[in-house]
6 protein chains.
Amino acid sequence: MFYTDGKLQFPVRVEQPNPVFARALQQAIGGVEGEIRVALQYMFQAFGARGPAKYRDMLLNTATEELGHIEMLATAVALNLENAPLSLQEEVSADAVGGAVLNGMDMRHILSTGLAALPSDANGVPFDCSHVYASGNIAGDMYANVTAEATGRTLAVRLFNMTDDPGMREMLSFLIARDTMHQQQWLAVLEELGGEQAVLPIPNSFPQEKEQTDFSYAYLGHMIDGSIPEGRWSDGPAMDKRGMF
Amino acid sequence: MFYTDGKLQFPVRVEQPNPVFARALQQAIGGVEGEIRVALQYMFQAFGARGPAKYRDMLLNTATEELGHIEMLATAVALNLENAPLSLQEEVSADAVGGAVLNGMDMRHILSTGLAALPSDANGVPFDCSHVYASGNIAGDMYANVTAEATGRTLAVRLFNMTDDPGMREMLSFLIARDTMHQQQWLAVLEELGGEQAVLPIPNSFPQEKEQTDFSYAYLGHMIDGSIPEGRWSDGPAMDKRGMF
Amino acid sequence: MFYTDGKLQFPVRVEQPNPVFARALQQAIGGVEGEIRVALQYMFQAFGARGPAKYRDMLLNTATEELGHIEMLATAVALNLENAPLSLQEEVSADAVGGAVLNGMDMRHILSTGLAALPSDANGVPFDCSHVYASGNIAGDMYANVTAEATGRTLAVRLFNMTDDPGMREMLSFLIARDTMHQQQWLAVLEELGGEQAVLPIPNSFPQEKEQTDFSYAYLGHMIDGSIPEGRWSDGPAMDKRGMF
Amino acid sequence: MFYTDGKLQFPVRVEQPNPVFARALQQAIGGVEGEIRVALQYMFQAFGARGPAKYRDMLLNTATEELGHIEMLATAVALNLENAPLSLQEEVSADAVGGAVLNGMDMRHILSTGLAALPSDANGVPFDCSHVYASGNIAGDMYANVTAEATGRTLAVRLFNMTDDPGMREMLSFLIARDTMHQQQWLAVLEELGGEQAVLPIPNSFPQEKEQTDFSYAYLGHMIDGSIPEGRWSDGPAMDKRGMF
Amino acid sequence: MFYTDGKLQFPVRVEQPNPVFARALQQAIGGVEGEIRVALQYMFQAFGARGPAKYRDMLLNTATEELGHIEMLATAVALNLENAPLSLQEEVSADAVGGAVLNGMDMRHILSTGLAALPSDANGVPFDCSHVYASGNIAGDMYANVTAEATGRTLAVRLFNMTDDPGMREMLSFLIARDTMHQQQWLAVLEELGGEQAVLPIPNSFPQEKEQTDFSYAYLGHMIDGSIPEGRWSDGPAMDKRGMF
Amino acid sequence: MFYTDGKLQFPVRVEQPNPVFARALQQAIGGVEGEIRVALQYMFQAFGARGPAKYRDMLLNTATEELGHIEMLATAVALNLENAPLSLQEEVSADAVGGAVLNGMDMRHILSTGLAALPSDANGVPFDCSHVYASGNIAGDMYANVTAEATGRTLAVRLFNMTDDPGMREMLSFLIARDTMHQQQWLAVLEELGGEQAVLPIPNSFPQEKEQTDFSYAYLGHMIDGSIPEGRWSDGPAMDKRGMF
Ligand SMILES: [Ca+2]
Ligand SMILES: [Ca+2]
Ligand SMILES: [Ca+2]
Ligand SMILES: [Ca+2]
Ligand SMILES: [Ca+2]
Ligand SMILES: [Ca+2]
């Protein structure tokens, strides 16, 4: 069961509303790198957890934090939409602060929400829950979570670089810090599970002798001239110490 | 910001696990009539609320309750999947409790989640957030919410009638009661806003004299023989008392 | 079976074509608030109607009207696309009536349709038929229909405010009037069915004593400080007169 | 503008209702080969037509016919769902006419519609309007329409072969005949436009000398051994008589 | 099994990068008229081919070519994104080469890919594989393929007309030539199969006497005044010479 | 540019065709854990690679291998569909090897493809390319790839356990081995990039002092009782050695 205090986890303020930046922020709400995704992903991983209770609790706790990030970003979108141009009535070419900006807006911010956030990405594509990865294998799920936080932090940094609004930069610097922590957190679970050697290959429940082991550590070439793009993956011991590339 | 206590809002137990019923329950999680939808819908209505704070608080509070309904149903799905058949190895025809049941399962419960819930409907179609209605018009949103709870309660009743498991019926009788209340709740807001006469037509901010008023209260016929399907809508005063049908 | 006369239900003309407004109009065709949705929604409600024939006829008749609204709006999109800029060949910055406008267009109006309407919304997201609500419960469906017309009229009003083209305003004032009527129409059906007291809770076929009645009229608090957002929903008789909040 | 007479274009009756066949029929309503698609496709081609009026009228007329096919199939789905099993209460294994059948049903026929058709395919995936092809090039659109009717008739034939219900076979034999005609119809338009030689390559408005003509009639090989899969496409005059393969 | 040489099929160069044109090019990658679609469509037709091996080989060979077209276009998108504006920090109105251009970009080129192509269309809608037509009927599939190449070439021509970059025009003139050939190729298969008379109606395996033959060659009128839009389809011998319109 | 030899990478044979297993195999083709996804994901990562050429080559080479896995699985689906029941004509209850099996099939294998594979998952949901992760940050992309191979191998193991067909088990044991290798491969790239310490936090280009560093290594509690779910993530040095939890 969940509760709220009706407050933001971290202050959200906008000095200079920018409706085009509101559209950009949508990617962090409803994009595949966004907060709806991580909130639901950690939630469904928790709901389906059949192992030790502490992982379930830890996942549920962080899922709950992520809900608050949706709230912060939705607030930021609404603040950036204040005083947004609503009209095409004047010549588009005549008003740079009006017409040109409207061209870059998510038009549904005007038409569908009355200047509020959508659960969609920066192109207006609604979030779809096929992106909620919860496989029932905790190691695999931890890598999925690292991925989500890596793409999430990459997105937040790009948003940070896109704006010079002090309020927005402050909010984003908080979300970036949380993404730093969450990358650490999921990797910490992997270490606790025994690290790469213990968890690999995922799932580690399948006896490797049933694999076609000739192919388990070989980098196969598909270049037409028979060449092999070389690197750490084509030479030396495998990462799980159980084979040689 | 949100919090959790890691407990269920109401007890969830299953006496006789049934993996086909697990599939049916998915509709109440990730279907258009389901709990992900109402949780996010009320949340985004709250985040975008620009009117009196009490509506925002009320919406956010109920959104928070709905998150707990996702949790209850996901738990119910997992319990119904215990001991589910995982294999096609025996002749399908030879094992009615195995083969035939597997035919009716959501196969992704086996393949993708390891016997846990998905954020999808009973056909495995992932929930997509285009169903989160938050228009910026509170009266319109209240009708959207009544609709969501009406289809939600209809679904819950059908699920109730589909099972005779005492645990499942108990859980569903709770969810049905909450849907009863939530239908009342959104209608109560409409009454507080002044009722049909005050809120109609939605949005009531547009001066009706700018409409083509000849067509504002007329039931137009498109039957090829010129007949009009008659009823309350074709005769008598309009619902908003501002016109005659 | 259906017929057509090849004419528009109401005249559609555009004095000053505006390809950005063409994009905005797409929301009214293929958005969740749009005409494809209501046409199909009323149609599928009619096709599935198992009660008195008059409701089926009434639904089918209005579904048929809505098809004509798709036609009007598609015509309006095509007219607004006349003489639209098709080229990026000149410097974007050099031609405000060209380059800047193209930035705000739905580029698929150029690339995919040759300057005609798409069955998509203002962001180019195609309409998907999961939005066609037809639950088999007529009262629930009527609330769904009020919702559709409320969001539809809200959208039409916002489009009206966005343009000062006399032709477009005339067309929209007609569509707004029809949305006024259709809100009335679905509420009239609810009155004919006995009004809120008779139809609530939806579905009214489920005996309320089977609910967990302690929870049927209680506004539950999920605020962490135990407070309750108060209003009509937390005090007084319930809307169906069968309980107290 | 459209009209209806509230009657079916051709009688629809079911002697032995079969809820699994109801699911199969959904493909013909909301599948990519189905009737919603052709109805909207021909409609949007008509709405966007900028050439001679007769093509627009012809397209609109046939779009209108297709609406009636949705109606027929939705009626057939509802009839096949009469007396469908709604419950898992008995042991699934105990009742072949109940349990086993329910496994093969679209569960949303029970849960979401109350035994009526959905605008979805046989797997419950809702139709999405990205399948409405209307390119603004009439020759290309005619090939799209032949394709739609070819896949549509293939589907209808497979449905015919799946059932031995006399009523269903009669209905399908009508729809198959209409698909025969519609294949002819779109090819007739191509002939009227001058046939393959005149319309190819599509679009024929682009001067072929601007192409990299060395590659315009060459079947390029991508087999690793340098061999070429031979056939009519690798030898002889091209279909448009303007080149040699 | 597949191979690559890591080279482009045809040179791709951009003289004047244009990030808005990068967005337009996305339609040719991930649009319904694009290269992902044809690559997968021909591939799945090949994988499912149960007839003579030569058709399977021919399809697989051309599918393999199409993979290289995705590669060319993705390269073109990346080149057009070089030096794209990444920031809203300056006043949008102050910098025409920056702000105004960003308004027309696919913002996910900045936020999600770091200036590289997406498998999405020009509106950022991801390609979805329901567009991969492979019906198991070779004649029907050939018409689907002609359609794909007709819409593909129409799109490529529109892109050609949109740009005056010599590099982009050169690349597009190659892709246009390949679309010319591929239109020919699929029609050549139809000729090899016996032409329209032999393959029609599709599927030709269904005995036409089982159709409701009264309706097999009749253009039915749905105009309310009883008129019939006349043309080749309403008079004369049918295209398959087996009936009269 | 790509090539093919028209051969399978590894032999695919089926001793006992099972159309329900054909449906299960679809998840490995068009599911989010499937081969279309990895083929396109590695391809788009290669196309967008702006760093050292060897990573681009390595990605492209492995993308090319994955195309061959789609081919193997599509072949396996077709083989499992041989002799599948196509008809509901007999009593469903009368024929366990027919009727009951059909209930568990993907009905589109009959209706839409004529017994061949679809680019869809085990529930018939078409693959959509929003799952192609290519962020422009190589470290983040490598974690995305480990995730893809972890969920892919988990799926392949579940499919292996579902069948006892020797041919299918042999094919799956090959695909499992390749997934083992690919997990290693992407982790090897991470090691080559300097390992966790060097690549974290992702992206490592953003100066951490700009973060709200108080929150960068703190596991925040959202349990209502103030408790913290404890583990490696709440105590000790962070994984990147740059902070303490
Ligand atoms: Ca977050
Ligand atoms: Ca609820
Ligand atoms: Ca309307
Ligand atoms: Ca038809
Ligand atoms: Ca191509
Ligand atoms: Ca693979």
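The values are calculated or read from the model by the stated rules, or taken from the named source; none is laboratory data. What you are looking at is a predicted structure, and each value in this text was computed from that prediction instead of being measured. Using ideal geometry, Cβ is built from the backbone for each residue, glycine included, and neighbour counts are taken over all protein chains shown. Ligands, DNA and RNA are excluded from the accessible area calculation, which covers all protein heavy atoms including side chains. Shrake-Rupley method; radii C 1.70, N 1.55, O 1.52, S 1.80 Å.
Things to note:
- With protein chains left intact and a 1.4 Å probe, residues in segment F:19-198 average 19 Å² of accessible area per residue.
- With its label point defined 7 Å out from Cα along the Cα-to-Cβ axis, A:D225 lies at 2.4, 6.7, 7.2, 7.2, 8.0 nm from the matching points of the other copies, in increasing order.
- Normalised by 2.2 N^0.38 Å, with N the number of residues, the alpha-carbon radius of gyration of the protein assembly as shown equals 0.85.
- Loop-exposed trypsin sites (Lys or Arg not before Pro) per DSSP, neighbour cap 12 Cβ within 10 angstrom, longest uninterrupted part of chain B: B:8-240
- E versus D: buried accessible surface, summed, Å² (probe 1.4 Å, to nearest 100): 6900 Å²
- When B:R13 is represented by a point 7 angstrom out along its Cα-to-C-beta vector, the spacings to that point in the other copies are 5.4, 5.4, 5.4, 7.5, 7.7 nm, nearest first.
- For peptide B:68-77, the mean count of partner chain Cβ atoms within 10 Å of a residue's Cβ comes to 3.
- Sites E:N204 and C:S205 - FRET efficiency at Förster radius 45 Å, r taken between beta-carbons, to 0.05: 0.30
- Charge dipole (Cα centre; +1 on Lys/Arg Cβ, -1 on Asp/Glu Cβ; no other charges) of chain E amounts to roughly 500 debye.
- Taking amide H as placed 1.01 Å from N in the peptide plane, the amide H of A:F2 sits under 5 Å from that of B:G68, each at least 5 places away or on another chain.
- In Hz, Karplus ³J(HN,Hα) per residue of segment A:50-56 (6.51, -1.76, 1.60; θ = phi - 60°; x = Gly, Pro): 10, x, x, 4, 5, 5, 4
- Treating r as the C-beta distance of D:L220 and F:R50 and R0 as 35 Å, the FRET efficiency rounds to 0.75.
- Exposure ranking of C:M1, A:M244, A:M181 by accessible area [1.4 Å probe, largest first]: A:M244, C:M1, A:M181
- Compactness check for segment B:94-245: Cα Rg over 2.2 N^0.38 Å is 1.53.
- 3J(HN,Hα) couplings calculated from phi for segment A:224-233 with the Karplus curve 6.51 cos²θ - 1.76 cosθ + 1.60 (θ = phi - 60°) are, in sequence order, 5, 8, x, 6, 10, x, 8, x, 3, 7 Hz; Gly and Pro show x.
- Protein accessible area in segment B:47-87, 1.4 Å probe - carbon and sulfur %: 56 percent
- Estimated dipole of the protein assembly as shown in Debye, rounded to 20 [Cβ of Lys and Arg +1, of Asp and Glu -1, Cα centre]: 0 debye
- Each copy carries E:K241; placing its label point 7 Å along the C-beta direction from Cα gives inter-copy distances of 1.8, 7.7, 7.8, 7.9, 8.3 nm, listed from smallest up.
- Dipole of chain A, positive direction: furthest Cα of A:C129, A:L81, A:Q27, with charges on the beta-carbon: A:C129
- For the rotation that carries chain A onto chain E, the axis lies closest to a Cβ at A:N103, 3, where the number is the distance in whole Å.
- Selected from F:V38, F:G140, F:M72, residue furthest toward positive end of dipole (segment F:19-198; charges at beta carbon): F:G140
- Order by protection proxy (mean Cβ within 10 Å, highest first), peptides B:138-149, E:77-88, A:198-209, E:126-137: B:138-149, E:126-137, E:77-88, A:198-209
- Electrostatic dipole magnitude of segment A:89-231 [Cβ: Lys, Arg +1; Asp, Glu -1; Cα centre; debye, to 20]: 260 debye
- Normalised by residue number, the volume inside the convex hull of the Cα atoms of segment D:19-198 is 108 Å³ per residue.
- Among the GluC sites (Glu not before Pro) in segment F:1-66, those placed in a DSSP loop whose Cβ has at most 16 other Cβ atoms within 10 Å are F:E15.
- Peptide F:34-43 - average C-beta neighbours from other chains (10 Å radius): 2
- When both segment C:134-203 and segment B:144-201 are represented by their alpha-carbon centers, they are found 20 Å apart.
- Helix C:35-48 axis, angle to chain C major axis (alpha carbon atoms, nearest 10°): 40 degrees
- Considering only the protein assembly as shown, percent of DSSP beta bridges that pair antiparallel, nearest 5: 80 percent
- Per-residue mean of foreign Cβ neighbours for C:202-213 is 6 (Cβ atoms of other chains, 10 Å radius).
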